[in-house]
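What follows is a set of notes on a single structure, which appears directly below.
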Amino acid sequence: MSRVCEFTGKGPMTGNNVSHAKNRTRRRFLPNLQDVTLKSEALDRTFKFRLSTAALRTVDHRGGLDGFMAKAKDTELSTGALKVKKDILKAVSA
C-alpha cells in the first residue's frame, strides 16, 4: 500500500535527523494517512479512501465528498478518486 493521499497527492518527504553533535542521518517524513469511508449524497453510497488528515479537514470544510469533488483538480486525484468524481458530476448534472 503506497503512502500517498488519494485527494491531494501528498507523499513522503526526506530530510535529516540532526543530533546534538550536529551529526546528520537521512530520514523520511511520512504523511498522516487515515483509512476513511466517505458518503456521497448525490450517489447515496459510500466510498473508502486513504486520505491525509489535511485532506479530510478540506473535505469537511467544503461540505462533504460531493462539494470537495466539485472543486478538486483532476491532476491531484488518484485514478479511483477520478472515477468517483466523474460519477458524482454525472449524477449532479442529471
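The values are calculated or read from the model by the stated rules, or taken from the named source; none is laboratory data. Here the structure is a predicted model, which means the values were calculated and not measured. Backbone-built Cβ (ideal geometry, glycine too); neighbour counts: all protein chains shown.
What the table shows:
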quantity	calculated
Some residue of the stretch 22-37 being surrounded by fewer than 13 Cβ atoms within 10 Å (Cβ to Cβ) and among the aliphatic types (A, V, I, L, M)	yes
The stretch 1-19 - residue that is loosely packed, with under 15 Cβ neighbours inside 10 Å and in contact with a Gly (Cβ under 9 Å, 6 or more places away or on another chain) and, of those, nearest to N32 (Cα to Cα)	R3
Some residue of the stretch 29-36 being under 14 Å from G9 (Cβ atoms), of a type outside the set (A, V, I, L, M) and modelled with pLDDT of 95 or more	yes
Of all residues in the stretch 47-94 being outside any helix (DSSP H, G or I), exposed (fewer than 14 other Cβ atoms within 10 Å of the Cβ) and not polar (S, T, N, Q), the one that is modelled with the lowest pLDDT	A94
Residue count for the stretch 1-54, restricted to those that are touching a residue at least 60 places away in the same chain (Cβ under 8 Å) and among the aromatic types (F, W, Y)	1
